[in-house]
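Take a look at the structure set out below.
The values are calculated or read from the model by the stated rules, or taken from the named source; none is laboratory data. In this text, all values refer to a predicted model and were calculated from it rather than measured experimentally. Heads up, the Cβs are rebuilt from the backbone with ideal geometry, glycines too, and the neighbour counts pull from every protein chain shown.
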Amino acid sequence: MESISVFDMLKIGVGPSSSHTLGPWRAAGRWIEALKKNGKFDQVTEIQVNLYGSLSLTGKGHATDTAVMMGLLGTDPVSFPIEQIDDEIKKIRATKTLLLNGTKPIFFDPENHIKFNRKFLEFHPNGITFTAVLENDSKHSQTYYSIGGGFVVQQERKREKLKMEKFQDFPYPVESGSELLAYCTDRNISISALVMENEKSLRSEEEIKEKLKAIWEVMLDSMYTGCHTEGILPGGLNVQRRAFEMHKRLIGDTTYNDHYEWIAAIRNTEVQFRQILKWVSCFALAVNEVNASLGRVVTAPTNGSAGVIPAVLMYYLVIENHDGNFDDINKFLLVSGVIGSLFKKGATISAAMGGCQAEIGVSSSMAAGALTELMGGTPAQVLMAAEIAMEHHLGMTCDPIAGLVQIPCIERNAMGAIKAINACEMALDSDPSKAKIPFDKVIATMWETARDMTSKYKETSEGGLAVQVNISDC
């Protein structure tokens, strides 16, 4: 039984894509670890990187080449100053020298040493092979797969086996929604309380809360930054940032000095239905505009869907409950994390495997369930809300124009957030015992739909809007 921590589902990283940016960045770092472990690091004279399948087809739009180089430099995507990324890449391109792991200079020309191959490897659409040429002219290669949400594995899944062994002490291991509900019913506790008990088997409650607070701080900062940054997004589509102007119209002349004064200011704005829709959309757009510009966001469960959960949580804090506090934030993140883990176990959170239903659909489901618990819903209503949200994302394709996480990706976060709130309200007004579609069935259906979907709709930019709309039209 595979046990997945909330902190596997909610990761701090750099945009624009968890599978195409964060994953390759981490894979490069993992490969360096392997070279050191095998005693080969000091012998490296040259490196070749081969990107396959979806990593190749949409890699440049997703900044995969940039991520690979940052990983080879030995930097940490969680803490490296994002404003320095461009300078580091420009330095490599100008000098054709890469400081491997920050210590060993080697000749490296990105144009020749990073290859984009249209071929798909069998194990997963997101394949990346690192090859090192050693001093004796021998070669050492390893292949990694970025399977969505920043998760990286090798085909033999050795690390997954180790992770399963490490997490085998979860007191309440769950593989399905029915198991989760049974635990909560037997113990008469909420989903967030049960998830907290699982997390406490890995680390102290104090550390859990500190990590959850760090995740929220990044979410809040990405909303704040997006709402206060104007201009054009990078990438060539000339997409105008919209959160800035939308926020400016909504906030009016209100003044504030920091993130939390900002929250207080929003609480005092007009909260008619139309304004609520605009605020939620504004929060979601803000996060994903930050994501699209290689900013720091929380993978939730992916970078492409990073705006849904923060937007819905912010909605709760500024609209539904002005007395909301960190306990509420913790509960929201714990519930959303376990719902996301069930989709990962039973289906996929990779758009390259399942289309956008695996990203926006899953994030909307996570947010719907988490909001339902904060609104007083029972565990059964939480799962019902999660089911409703996914039900109405089934079949959503991933067809980013020019391979950029911008059109239609940014708007889809706003739509996913609104659907999550709607799903919550419907679940709260319903009797879960009369639900026609169980949560586990929608996961199974989502996976079946993913397998039936043709590859051109799975993050390849070879179908849908990506081929119907010319870049010049944008």
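Summary of values
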{"item": "Breaking point among (1) at positive phi; (2) touching an Asp or Glu at 6+ places or on another chain (Cβ under 7 Å), for G236", "result": "(2)"}
{"item": "So V297, is it assigned to a helix (DSSP H, G or I) and aliphatic (A, V, I, L, M)", "result": "no"}
{"item": "Residue in segment 444-453 that is under 26 Å from L313 (Cβ atoms) and surrounded by fewer than 18 Cβ atoms within 10 Å (Cβ to Cβ) present", "result": "no"}
{"item": "Single residue of segment 61-99 satisfying the filter (crowded, with 19+ Cβ neighbours inside 10 Å and more than 15 Å from A27 (Cβ to Cβ)) that is nearest to the chain's Cα centre (by Cα)", "result": "G61"}
{"item": "Of the criteria (1) crowded, with 17+ Cβ neighbours inside 10 Å; (2) out of contact with any Ser or Thr (no Cβ under 9 Å at 6 or more places or on another chain), which one N288 fails", "result": "(2)"}
{"item": "I114 being closer than 30 Å to A450 by Cα, of a type in the set (V, I, T) and surrounded by 15 or more Cβ atoms within 10 Å (Cβ to Cβ)", "result": "yes"}
{"item": "Test: residue in segment 212-228 that is assigned to a loop (DSSP other than H, G, I, E, B) and surrounded by fewer than 18 Cβ atoms within 10 Å (Cβ to Cβ)", "result": "yes"}
{"item": "Hey, A389 touching a Pro at 6+ places or on another chain (Cβ under 6 Å) and at pLDDT 95 or above or not", "result": "no"}
{"item": "Meets criteria (surrounded by fewer than 19 Cβ atoms within 10 Å (Cβ to Cβ), in a helix (DSSP H, G or I) and not assigned by TED's automatic domain parsing to the domain that holds G59) for D327", "result": "yes"}
{"item": "Condition broken by L313, with the remaining ones in (1) surrounded by fewer than 24 Cβ atoms within 10 Å (Cβ to Cβ); (2) under 25 Å from E205 (Cβ atoms) satisfied", "result": "(1)"}
{"item": "Any hit, segment 403-415, residues being assigned to a helix (DSSP H, G or I), over 18 Å from the mean Cα position of the chain (by Cα) and assigned by TED's automatic domain parsing to the domain that holds I319", "result": "no"}
{"item": "Search result, residues across segment 423-440 that are touching a residue at least 40 places away in the same chain (Cβ under 8 Å) and not in a loop (DSSP other than H, G, I, E, B)", "result": "A423, C424, M426, A427, L428, P432, S433, F439, D440"}
{"item": "Condition met for E270 (assigned to a helix (DSSP H, G or I), acidic (D, E) and over 23 Å from E459 (Cα atoms))", "result": "no"}
{"item": "Residue within segment 44-54 that is part of a helix (DSSP H, G or I) and in the same structural domain as E111 (by TED's automatic domain parsing) present", "result": "yes"}
{"item": "Complete set of residues in segment 330-352 that are in a helix (DSSP H, G or I) and either in contact with a strand residue (DSSP E or B) (Cβ under 6 Å, 6 or more places away or on another chain) or polar (S, T, N, Q) (or both)", "result": "N330, S336, S341, A351, A352"}
{"item": "Pair list, Cβ < 9 Å and 6+ apart or interchain, from segment 273-295 residues that are more than 12 Å from V405 (Cβ to Cβ) to residues that are among the polar types (S, T, N, Q) and at pLDDT below 95", "result": "Q275/T269; W279/T269"}
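Here's the yes/no breakdown for (1) over 15 Å from S54 (Cβ atoms); (2) touching a helix residue (DSSP H, G or I) at 6+ places or on another chain (Cβ under 6 Å):
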site: V78; (1), (2): yes, no
site: E83; (1), (2): yes, no
site: D86; (1), (2): yes, no
site: L98; (1), (2): yes, yes
site: G102; (1), (2): yes, no
site: N117; (1), (2): no, yes
site: A132; (1), (2): yes, no
site: N136; (1), (2): yes, no
site: Q154; (1), (2): yes, no
